[in-house]
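Student: Sharing a structure, written as structure tokens. Questions coming.
What follows is calculated from the coordinates using simple rules that are stated; it is not laboratory data. In this text, all values refer to a predicted model and were calculated from it rather than measured experimentally. Virtual Cβ from ideal backbone geometry, glycine too; neighbours counted across all protein chains shown.
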Amino acid sequence: MTTISEGAPTAVEIRRPHEVLWVAGGLGVLFQLLFWGVLPGLAVAVFVMAVLAAVVVVARRQGAVASVQTIAVMAVAATFAIAVAVRAEPVTTVMNLLVVLGALAVLVHAYPTDHWIRYGLRDWLLAALRLAGHQLTGAPGLVGAARRASAVEPAASGLRRALPVLRGVALLVPVLAVFGVLLASADVIFAERLVALGDLVRLPRLDQAVGRSFLALTVAYIVAGAFWHQLQRRQQRVLADQAIPRVLGFAEAAIVLVGVDLLFAAFVAVQARYFFGGQAAVLADGMTYAVYARRGFAELVVVAMASLCLHLALAGLTRRETSAKRVAFTVLTTVLTGLVLVILTSSFGRLLLYEQAFGFTRSRAVAHVFMVWLALLLVALLVLELRDRVRWFLLASLVTAVGFAATLNMVGVDALIVRQNLARAQAGAELDVTYLAGLSPDAVPALTQALPTMDAGMAADVRAALACAAAETRDADWRSLRLADVRARRALAGMTNDAAVGEQQGCPYFQR
């Protein structure tokens, strides 16, 4: 068994640890300034760019240079951070934030090497545990390193001189708060002057000051732990494919695969009649198309995901000592993947039928995109099995997650829902204006653009919904600014009178 090693897990002496502490503290203060009391928006992009710059600067001060793979991870984090300031649809926003957090975690662990590309399941688990441990112990470790460095490095003397000042300010703030409250209670005019001073310099209230300080310290502590993890260079060994013991015999795995293949084949045989026979085949069995579509698509997606996990588990645990066993295992898993792809196709078709019967919703549109990427992940697992690279499956999963999030951003889920439901309505189906009005600002331009193509009754309902949207749309704090909000306000710019009417009527349609 061969291993690829990054070297023994030895600690590296950190240069200028006091500078790392200042950077961590600065990022903590920046976080509370950007995110206190606002929803995610442009602030996410600003903060992520600051974090990326800090990671690069800190690493270069330690003599480290990023690899091409690390630069790619940084580009992913920056791109999806910007995407948070573009789209308003909540599922897309959550996926963007998850991709950003995942990319930053990979960056902190891997910078500046590219060994993480070859990680298997055990490697990722060890990396996650090591990162979590350093998040808890990293800040005290950096403080200790700064104290040791201050005794020998003249550059650290600035930190020693600054610490008494910082301690004095920390002691002064609560003292001033107590005496200020007492004096304000004793004199109304003095209290008004204090309030005016607070409004002038935008000082937070005492409860906000405590909360903001706690938030800044918490984030600084987490960032310091991340830097400690990055700078320690305690990377675990990259394990070979056989690192996890293969405890399952080929016969047992073959029995499981053959049984599942036969079950899936029987299901596909039954489905073929309905899938290729269309509505006539469904109606012949006494079902409506809507009833047929309503049942099963969620269960079929779960089946596809469970079969993927089964394939992955058997590939990692099954002994295949001879070439004949390896070929047989590959054939059985190939059949399994092919049948699961057919099942996913059936699920995709059922969801289309459901949407044709009841309309498009956010969960159904997201499920469509998810099924496509799940199918691609199944194909990726099959290719890795054929090339004996199953340990790279987790990397393929990360790429799939990024692709899924990118597709949601490019498609524009809420705008797609508007277009599809309006097309159904023009074909004679019922239009749920209340649901469309409750979508995110991503949907507003699509609604306004479609007004000229609607009949009078439908246009009146949509205008009522847009009037409520105009009444609810306000200029937001720049930190929560999103391009979707800007586009919605521009689309609604000519509806100011309708907005006033919507406010008077209480906006019955608009439920955000």
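Student: Ranking Ser346, Ser323, Ser363 by Cβ neighbours within 10 Å, fewest first, what do you get?
Tutor: Ordered by Cβ neighbours within 10 Å, fewest first: Ser323, Ser363, Ser346.
Student: Tell me, what is the FRET efficiency for Val68 and Ala423 to the nearest 0.05, using R0 = 51 angstrom and their Cβ-Cβ distance as r?
Tutor: 0.70
Student: Pulled fully out, how much extra length does the chain show between Val379 and Leu101, if you take 0.36 nm times their separation in residues and subtract their Cα-Cα distance?
Tutor: 97.4 nm
Student: How far is it, in nm, from the label point at Thr400 to the one at Val175 when both lie 7 Å from their Cα along the line to the Cβ?
Tutor: Taking the two extended label points, one gets 6.1 nm.
Student: Can you give the FRET efficiency to the nearest 0.05 for Ala493 and Asp455, using r as the Cβ-Cβ distance and R₀ = 22 Å?
Tutor: Calculated transfer efficiency: 0.35.
Student: Quick one: go through segment 37-63 and flag any residue whose amide nitrogen is under 18 Å from the point 7 Å out along the Cα-to-Cβ line of Phe214.
Tutor: 37-38
Student: How much length is gained if the chain between Ala53 and Ala298 is pulled fully straight, taking 0.36 nm per residue apart and subtracting their Cα-Cα distance, in nm to one decimal?
Tutor: Stretched out fully, the Ala53 to Ala298 stretch lengthens by 83.9 nm.
Student: Using a 10 Å cut-off around each Cβ, can you sort Phe31, Phe227 from fewest to most neighbouring Cβ atoms?
Tutor: Numbers: Phe31 22, Phe227 28.
Fewest-to-most ranking of Phe31, Phe227: Phe31, Phe227.
Student: Rounded if a/c is under 1.5, else prolate if a/b is larger than b/c, else oblate: which is segment 20-153, with a ≥ b ≥ c the root eigenvalues of its Cα gyration tensor?
Tutor: oblate
Student: Return the FRET efficiency for the residue pair Thr434, Leu39: r is the Cβ-Cβ distance, R0 is 25 Å, and the value is rounded to the nearest 0.05.
Tutor: With R0 = 25 Å, the Cβ-Cβ based efficiency is 0.60.
Student: Show me the GluC sites (Glu not before Pro) within segment 293-375 that DSSP assigns to loop and that have at most 14 other Cβ atoms within 10 Å of their Cβ.
Tutor: Those satisfying the criteria are Glu321.
Student: Return Arg391, Arg61 ranked ascending by Cβ neighbour count within 10 Å, so the fewest neighbours appear first.
Tutor: Arg61, Arg391
Student: Separate question: Label segment 358-493 by shape, choosing from rounded, prolate and oblate, from the square roots a ≥ b ≥ c of the eigenvalues of the Cα gyration tensor; if a/c is under 1.5 it is rounded, and otherwise prolate applies when a/b is larger than b/c, oblate when it is not.
Tutor: The shape class here is oblate.
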